[in-house]
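This report concerns only the one structure given below.
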Amino acid sequence: MLPEYYAPEQVGQLYAPRVGAVAEMGSHAGLKRASDDQRRMILLLVDAQIDFIHEDGALSVPGAVADTRRTVEWIYRNIGSLTTIAASLDSHVPNQIFSPTWWVDAHEQHPMPYTVIRSSDVKNGLWRPVYQSAWSIEYVEKLEEQARKELMIWPYHTLIGTPGHSLSPSLYEAIAYHAAARQTQPTFLSKGMIPETEHYSILEPEVKVPSQPMGGLNAAFLNMLAGYDVVYIAGQAKSHCVLETVRSMIRYYQNHAELIRKLHLLIDCMSSVAHPTIDFDAMANETLHRYTEYGLRLVTSADSIV
């Protein structure tokens with residue numbers, strides 16, 4: 001049952017979350033404590049932030065508003081069975097290796113967003129790093145060795161301290177309602193603050209930076225997830241942060257098929273980044289369908305929970 005304060009048309013709109021009123025209503029919902037759940041279920045929200053979801057967001061994902069509406073309503077419908085909600089926050093500073101200001105061409109001009117920078121471009125002098133030259137050259141080479149993604153220059157997005165960094169308000173209200181109704185706390189996970197590397201997966205950066213506290217694999221969070229009976233995953237964008245998060249999970253749990261079978265991807269609660277020439281959605285779908293061979297479940301928000 002959807003709470004009376006919930007207005008579907010407000011999903012994707014910017015407003016101050018009504019946490020006080022929402023929590024008050026949740027506290028009178030008459031639901032059992034999450035700590036009493038015999039079967040523990042967690043929802044992992046990947047980067048469900050204003051800059052990715054709202055149509056005027058800095059890196060808006062087409063379809064993300066409708067995805068978020070389905071996610072919010074899924075939370076409310078299944079709140080009595082949902083033990084925990086965990087949400088990641090893509091968290092950036094202005095100058096990072098994928099930012100325009102990190103690179104210049106021969107005329108000292110910065111690249112436009114969605115420019116791809118390859119190692120051959122750097123070797124031929126098409127692009128030159130402004131910061132950490134040796135690391136930057138090595139970085140683009142390592143990306144190509146991994147054969148997954150090339151370095152993409154992105155619009156400035158989810159900058160710490162800006163509105164775009166926040167979770168979408170209607171979704172935050174659902175999290176606050178769940179916390180009050182089930183007498184529990186949400187889990188928040190920040191990632192993406194290391195300037196020297198991209199950090200699509202919420203669990204590890206694209207290229208490891210051992211000198212940084214968040215520069216390696218977050219095994220503690222993966223081990224925490226393994227303690228749940230069911231893991232649902234939603235968020236943005238399917239082609240990047242969701243895909244790479246799932247990739248990290250498959251790799252970490254690869255010798256434990258029973259853990260991979262716990263993973264349920266809400267495929268109608270995520271969309272892919274739009275690009276003029278690259279079909280990111282097709283690439284993501286191919287990989288995710290291949291992961292079903294390992295036990296990953298592709299489900300929709302309309303399906304009954306398991």
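The values are calculated or read from the model by the stated rules, or taken from the named source; none is laboratory data. Note that the structure is a prediction, hence the values are computed from the model and not measured. No Cβ is skipped: glycine too gets one built from the backbone with ideal geometry, and neighbour counts run over all protein chains shown. Surface accessibility is based on the protein's heavy atoms, side chains included, excluding ligands, DNA and RNA. Shrake-Rupley method; radii C 1.70, N 1.55, O 1.52, S 1.80 Å.
Okay, here's what the table says:
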| item | result |
| --- | --- |
| The chain, relative contact order [Cα under 8 Å, separation at least 6], % | 24 |
| Residue-averaged [θ]222 nm for the chain, counting only DSSP H segments that reach four residues, each worth -39500 (n - 2.57) | -8500 deg cm²/dmol |
| Length gained when the stretch Ser81-Lys142 is fully extended (0.36 nm per residue, less Cα-Cα span) | 17.7 nm |
| Within-13-Å neighbourhood charge of Pro3 [Cβ basis; K, R +1; D, E -1] | -2 |
| Solvent exposure of the chain as accessible area per residue, Å², 1.4 Å probe | 43 |
| The range 190-296: Cα Rg divided by the 2.2 N^0.38 Å rule of thumb | 1.08 |
| Globularity ratio of the range 1-111, using Cα Rg and 2.2 N^0.38 Å | 1.44 |
| Charge context of Met25, other residues only, Cβ under 12 angstrom, K/R +1, D/E -1 | -2 |
| Rounded, prolate or oblate (a/c below 1.5 giving rounded, otherwise prolate when a/b exceeds b/c) for the range 137-258 by Cα gyration tensor | oblate |
| Length gained when the stretch Asn95-Ala16 is fully extended (0.36 nm per residue, less Cα-Cα span) | 25.6 nm |
| Over 25 Å (Cα to Cα) - which of Lys142/Lys191; Lys123/Lys191; Lys208/Lys262; Lys32/Lys238; Lys123/Lys238 fall in this group | Lys123/Lys191; Lys208/Lys262; Lys32/Lys238; Lys123/Lys238 |
| Residue with peak Gaussian network fluctuation, the chain [Cα springs, cutoff 10 Å], from Pro276, Pro94, Pro213 | Pro276 |
| Separation between Cα centres of the range 166-245 and the range 1-72, rounded to whole Å | 16 |
| Rg/Rg_ref, the chain, where Rg_ref = 2.2 N^0.38 Å and atoms are Cα | 1.02 |
| Protein accessible area in the chain, 1.4 Å probe - carbon and sulfur % | 53 |
| Per-pair calculated FRET efficiency, R0 = 22 Å: Glu286 and Arg118 via Cβ, rounded to 0.05 | 0.50 |
| Longest segment of the chain lacking chymotrypsin sites (Phe, Trp or Tyr not before Pro) that sit in a DSSP loop with at most 15 other Cβ atoms within 10 Å | 132-306 |
| Paramagnetic reach from Ala106 in the range 128-146 [backbone N under 17 Å; point 7 Å along Cα→Cβ] | 128-129 |
| Intensity falloff of the range 78-164 expressed as log10 I(q)/I(0), Debye formula with alpha-carbon point scatterers, at q = 0.25 Å⁻¹ | -1.27 |
| Extension gain from Glu9 to Thr300, taking 0.36 nm per residue of separation minus the Cα-Cα distance | 102.6 nm |
